[in-house]
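The values are calculated or read from the model by the stated rules, or taken from the named source; none is laboratory data. Everything numeric in this text was worked out from a predicted model, so none of it was measured. Backbone-built Cβ (ideal geometry, glycine too); neighbour counts: all protein chains shown.
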Amino acid sequence: MSNIDEIKTRIDIVDLVSETVQLRRSGKNYTGFCPFHENTRTPAFVVFPESGTWRCFGQCNEGGDIFKFVMKKESWDFSEALRFLAERAGIELKPPTPEEQATAEEHDSLRELLESAVTFYRHNLFNTPAGAPALEYLRKQRGLRDETIEAFGLGYALNSYDAATQHFRSKNYKEEDLLAAGLVSERDSGGVYDRFRNRVMFPIRDERGRMTGFGARILNPEDVPKFLNSPQTVLFDKGHLLYGLDRARKSIRLQDQAVIVEGYLDVIAVHQAGYTNVVSPMGTALTEHQLYMLKRFTRRIVLALDPDAAGDKATLRGLQLARQTLDRESDPVFDARGLLGYEARLQADIRVSTLPGDLDPDEVVNRDPQEWQRIIDTARPIVVHVMETLAAGHDLDDPKIKNEIAAQVLPLIEDVPSSIERDTYLQQLARLLRVDERALLDARTGIVRTRTYRRRSGRQVPADGPAKSVVAALVQSGYNQEAHCLGVLLRRPSLLYQVDRRLQEDGLSRLLPEDFQHADHQAIFRLLHESVDQDMAEPLNYVLSGLSLQMMELADGLLARTENLDPVEDRVLEDLMRSLLDLRKRNLRQEDEYIKYLMEDAQEKGDIKITQYQQTMVQHSKIRGLIDRAIGKYTSHSINTR
Ligand SMILES: [Zn+2]
């Protein structure tokens, strides 16, 4: 038995949860008020002792085992929860191997060195004449109070090639330690020199507050680069850190919202103004990993972008063009498509707000702290943001412009997994451009058709051109759509019967694991199917108890997607039918793409299989006809007639 299983056996989930939540027995299970969200009247929090799981059926829509409960309660990661629960269960975790021990010790000593660097730079800032201009800059130009400067541990690197090197040598640190910590750089001629010179120093800590490295900003406007981070070290990895998260994580969880700004000084200024749920990436575009880190504390994420970044037409197109700017610490790339992908995969709610005029966050809060809140409150979904930004300042009566905007926004809308949301965005776009939704849908089909045609005709296309992207796009949006359908079914397992009946009435096969292309989805669907065929446990509970930890996370995510299901069962069923039929159509289309490819190949080689492929295509088109007829039934307004 693994340590994890052993801990689960030894710790009674009811005991553990009872320490925080007052539980009442109801049948085999226990209910109470959820400790993770503001409760009103109905206890929506359930503990299932048999499976050792819990779930909030209210606002959070989250659940899991004892580990998940402790992680959520304490904002810990898995290994922290593991340590805590192991101790409680009286289980000694496997001692680290000598190599692990050595690595841990090396990391600890590097952190110690970096802590000592924080002290050194801080001393320079507050207690040396050379640091006075830096301090003046932070106080006067940036409006930072001394207690803020202290709290964030800001400092100053002297204008010298060896001040830091000498200082740490005198404390018996070796050159290789200084190099490993990223404090010095190596000379070509041998030896080392201070990496940071005449700069304001920002200690960068991990989410647990441990030192990882520094960010450094120039004081002399002539110096380049304007911002310089520690190099990649064993502790400092730009894509895996968020500035300010150690100080923000509590607020983020309490407020159930994280705000992302673009620079260290912005984080500090906004914190000083009392908004402590703010973090920033490390001067690079946001990574999926960073969002994943935030998602442990909240699903609701707002990007507070300055208008340049948010409105840059080039980046809106999703091209990887870094913005050329000398006056910001970062070169943010607002990649709408990438963000939508993250949003769907992480089941996050990512919104965008644009700062007014040419103001930076710190200027906004210094002008009027309340304005900050208003800006964050009016953040819009990514698709809407793109739509409105593209439209701003353009003559929308010009058909060319309408066309251009539609061409950019439609692929984004295609990426949205929920058919209800997709329809809403389409309507919004139609209203904005003052065109008929039907015209937009035609335009959308047109895009796909052109791409397919080009692939078949074998014309030269760009590296990441239509040939690959049409299939890739189908796979990606298929994933989201699968997840949406599964989420609905997990929430309302009884709909499975009705779905099967309706499919069969329309001459189609009932729902099969093969309708889901992704292995994890298939596994969940199989369990779901079993769950409605047994009567030992609640279907959802049956599914959850059959899942491994990782799969539990996935199921959680699926449930989260369908948090706000329409209370009217019929409408949910209708949406589900449409999505499932649409999914089948997509899968057929994808298969056809492959078959076409195989046919071309076969034709070239004079392969006999070609008739077989043709038959399959004919069969597909028959099924497609049936699907289209069925879709017609679940279509109440013109927008869905495809
Ligand atoms: Zn809850």
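Remark: pairs (first residue in region 59-73, within 17 Å of Ile11 (Cα to Cα) and of a type in the set (A, V, I, L, M, F, W, C); second residue in a helix (DSSP H, G or I) and within 16 Å of the ligand (Cβ to nearest atom); Cβ separation under 8 Å; 6+ apart in sequence or on different chains) = Phe69/Val17. I'd like to know if region 133-146 contains one or more residues that are within 16 Å of the ligand (Cβ to nearest atom), small (Gly, Ala, Ser) and in contact with a Leu (Cβ under 8 Å, 6 or more places away or on another chain). Scanning region 133-146 turns up no residue that is within 16 Å of the ligand (Cβ to nearest atom), small (Gly, Ala, Ser) and in contact with a Leu (Cβ under 8 Å, 6 or more places away or on another chain).
Of all residues in region 5-21, those that are acidic (Asp, Glu) have Cβ atoms under 8 Å from Cβ atoms of residues that are in a helix (DSSP H, G or I), 6 or more apart or on another chain, in Glu6/Ala89. Annotation: of all residues in region 559-580 being without any contact (Cβ under 8 Å) to a residue 24 or more places away in the chain and part of a helix (DSSP H, G or I), the one that is farthest from Arg345 (Cα to Cα) is Asp570.
Of all residues in region 1-24, those that are in a helix (DSSP H, G or I), modelled with pLDDT of 80 or more and of a type in the set (A, V, I, L, M) total 5. Checking each residue in region 356-390 for being over 29 Å from Arg434 (Cβ atoms) and touching a residue at least 40 places away in the same chain (Cβ under 8 Å) picks out Asp358, Leu359, Asp360, Pro361, Asp362, Val365, Asn366, Pro369, Trp372, Gln373, Ile376. Against the test of being touching an Asp or Glu at 6+ places or on another chain (Cβ under 8 Å) and away from the ligand (no atom under 16 Å from the Cβ), the options Ala81, Ala104 yield a single qualifying residue, Ala81.
Within region 40-49, the set of residues being within 11 Å of the ligand (Cβ to nearest atom) and either touching a helix residue (DSSP H, G or I) at 6+ places or on another chain (Cβ under 6 Å) or at pLDDT 80 or above (or both) comprises Ala44, Phe45, Val46.
Rundown of residues vs (1) of a type in the set (A, V, I, L, M); (2) within 16 Å of the ligand (Cβ to nearest atom); (3) touching a Leu at 6+ places or on another chain (Cβ under 7 Å), yes/no style:
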| residue | (1), (2), (3) |
| --- | --- |
| Arg25 | no, no, no |
| Tyr30 | no, yes, yes |
| Glu38 | no, yes, no |
| Ser51 | no, no, yes |
| Phe67 | no, no, yes |
| Glu92 | no, no, no |
| Pro96 | no, no, no |
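When restricted to residues that are buried (at least 16 other Cβ atoms within 10 Å of the Cβ), under 20 Å from Lys28 (Cβ atoms) and among the aliphatic types (A, V, I, L, M), region 504-547 contains 7. Taking helices (runs of 4 or more DSSP H) as the structural unit, those lying wholly within region 344-420 and holding at least 3 residues that are surrounded by fewer than 20 Cβ atoms within 10 Å (Cβ to Cβ) and under 27 Å from the mean Cα position of the chain (by Cα) correspond to 369-377, 382-391, 399-415.
Looking at region 25-103, the strands (runs of 3 or more DSSP E) lying wholly inside it that each contain 3 or more residues that are over 30 Å from the mean Cα position of the chain (by Cα) and buried (at least 16 other Cβ atoms within 10 Å of the Cβ) sit at 29-32.
Scanning region 105-153 for residues that are outside any helix (DSSP H, G or I) and aliphatic (A, V, I, L, M) yields a single hit, Leu144. Restricted to region 518-558, and to residues there that are under 19 Å from Arg345 (Cβ atoms) and acidic (Asp, Glu), the residue that is farthest from the chain's Cα centre (by Cα) is Asp520.
Each residue in region 55-65 was checked for being in contact with a Phe, Trp or Tyr (Cβ under 6 Å, 6 or more places away or on another chain) and more than 9 Å from the ligand (Cβ to nearest atom), and 1 of them qualify.
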